[in-house]
Each structure stands twice: as structure tokens, then as C-alpha cells.
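Asks: Quick one: this structure, given as C-alpha cells, is what I'll be asking you about.
The values are calculated or read from the model by the stated rules, or taken from the named source; none is laboratory data. Here the structure is a predicted model, which is why all the values come from computation and not from measurement. Every residue, glycine as well, gets a Cβ built from its backbone with ideal geometry; the counts of neighbours run over all protein chains shown. Protein only, heavy atoms only, side chains kept; ligands, DNA and RNA dropped before computing areas. Shrake-Rupley method; radii C 1.70, N 1.55, O 1.52, S 1.80 Å.
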Amino acid sequence: QVQLVVFGGGLVQPGGSLRLSCAASGFTLDYYGIGWFRQAPGKEREGVSYISRRDNTFYADSVKGRFTISRDNAKNTVYLAMNSLKLEDTAVYYCAAGLVGARLRLGVPDYWGQGTQVTVSS
């Protein structure tokens, strides 16, 4: 079984924090880039953050300075720490793994994880 399992979604107030985890099983993340995507109702899916095999990182302008992506290869897990959350961060969040960075960033990964709902509301 090849899986990406996501943990950490939930309901938070504006200004609050959540940390999402994406744990791989059936394959190792050492050779993969990992991306986080999100999709809000009525909107297109957008890339949120990306971390490469060499730990290069990318953040969408909308989350830069608030979100931090990291990886722990020993645990075969990638994290997305989300701070100072805003109402517009509300979406279903997905993680994805891909060997080809350009394809991953365009939303064509090798593996998708399940979505987890993040709701920011007062």
C-alpha cells in the first residue's frame, strides 16, 4: 500500500495556529518533493507550499511569513505549520508527493493524500 496520510485539520479562530502532518507509507519521501495544496468552495485548487528533495522551499504569496513547511526524513513525514490564520485560509488541504518538481507544482503529483478540512472562523 502506498499512502499519504494527513493529520491536523480542524477549526481555529482567526490568528490561531494549526500544524498539518503528511506521513508516507509504502515509499520513502527522501527522493520526493512534497507540496501542500488547498481548495476552497467555488475556487480553483492552489499551491500553498513546496519543499524539494534538497530542502528548497516555496510559499505562495498569500501565506508567506505565516506558514512554514518542513520535513523529517527519519519519520517519513512532512509538516505544514500554519500561524496567524485568516478567514481566507479556510479550505480543504491536500498533500502530494512527486519526483518531478514542475509536475508537482502544477498539480500532477505521483501521489495524493486525502484532504483535511481547515476552518478559520470566529
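Asks: For the range 13-24, what are the residues that are open to solvent by less than 30 Å² (accessible area, probe 1.4 Å) and either of a type in the set (Asp, Glu) or over 17 Å from the mean Cα position of the chain (by Cα) (or both)?
Replies: Across the range 13-24, the qualifying residue is only Gly16.
Asks: Oh, and also: Test of understanding: among Gly42, Gly16, which residue is farther than 17 Å from Gln114 by Cβ, part of a loop (DSSP other than H, G, I, E, B) and free of Cβ contacts under 8 Å to residues at least 12 places away in the same chain?
Replies: Of Gly42, Gly16, the one residue that is farther than 17 Å from Gln114 by Cβ, part of a loop (DSSP other than H, G, I, E, B) and free of Cβ contacts under 8 Å to residues at least 12 places away in the same chain is Gly42.
Asks: Mind counting the residues in the range 112-122 that are part of a strand (DSSP E or B) and farther than 21 Å from Asp55 by Cα? Walk me through it before giving the result.
Replies: We begin by selecting, within the range 112-122, every residue part of a strand (DSSP E or B); these are 112, 116-120.
Narrowing further to those that are farther than 21 Å from Asp55 by Cα: 116-120.
Total satisfying the criteria: 5.
Asks: I've got another one for you. What number of residues within the range 79-122 are at positive phi and touching a helix residue (DSSP H, G or I) at 6+ places or on another chain (Cβ under 7 Å)?
Replies: Final tally of qualifying residues: 0.
Asks: Kindly provide the set of residues from the range 47-62 that are open to solvent by 50 Å² or more (accessible area, probe 1.4 Å) and either assigned to a loop (DSSP other than H, G, I, E, B) or among the hydrophobic types (A, V, I, L, M, F, W, C) (or both), ordered by number.
Replies: Passing the criteria: Arg53, Arg54, Asp55, Asn56, Phe58, Asp61, Ser62.
Asks: If we keep just the residues of the range 63-86 that are over 18 Å from Phe27 (Cβ atoms) and of a type in the set (Gly, Ala, Ser), which is least open to solvent (accessible area, probe 1.4 Å)?
Replies: That would be Ala81.
Asks: Which one of Ala97, Ala91 is surrounded by 12 or more Cβ atoms within 10 Å (Cβ to Cβ) and over 12 Å from Val118 (Cβ atoms)?
Replies: Matching residue, one of Ala97, Ala91: Ala97.
Asks: If you go through the range 38-46 one residue at a time, do you hit one that is under 14 Å from Met82 (Cα atoms) and surrounded by 12 or more Cβ atoms within 10 Å (Cβ to Cβ)? Before the answer, list the steps.
Replies: Looking only at the range 38-46, we keep the residues that are under 14 Å from Met82 (Cα atoms), and these are 38.
Of the ones still in play, those that are also surrounded by 12 or more Cβ atoms within 10 Å (Cβ to Cβ) are 38.
Scanning the range 38-46, I find at least one residue that is under 14 Å from Met82 (Cα atoms) and surrounded by 12 or more Cβ atoms within 10 Å (Cβ to Cβ), so the answer is yes.
Asks: Continuing with the same structure: Can you spot a residue in the range 25-32 that is assigned to a strand (DSSP E or B) and either under 18 Å from Asn83 (Cα atoms) or open to solvent by 20 Å² or more (accessible area, probe 1.4 Å) (or both)? Spell out the reasoning first.
Replies: Step one: of the range 25-32, the residues assigned to a strand (DSSP E or B) are 25.
Next cut, either under 18 Å from Asn83 (Cα atoms) or open to solvent by 20 Å² or more (accessible area, probe 1.4 Å) (or both) only: 25.
Yes - at least one qualifying residue is present in the range 25-32.
Asks: Got a number for residues in the range 1-13 being assigned to a loop (DSSP other than H, G, I, E, B) and not hydrophobic (A, V, I, L, M, F, W, C)?
Replies: 4
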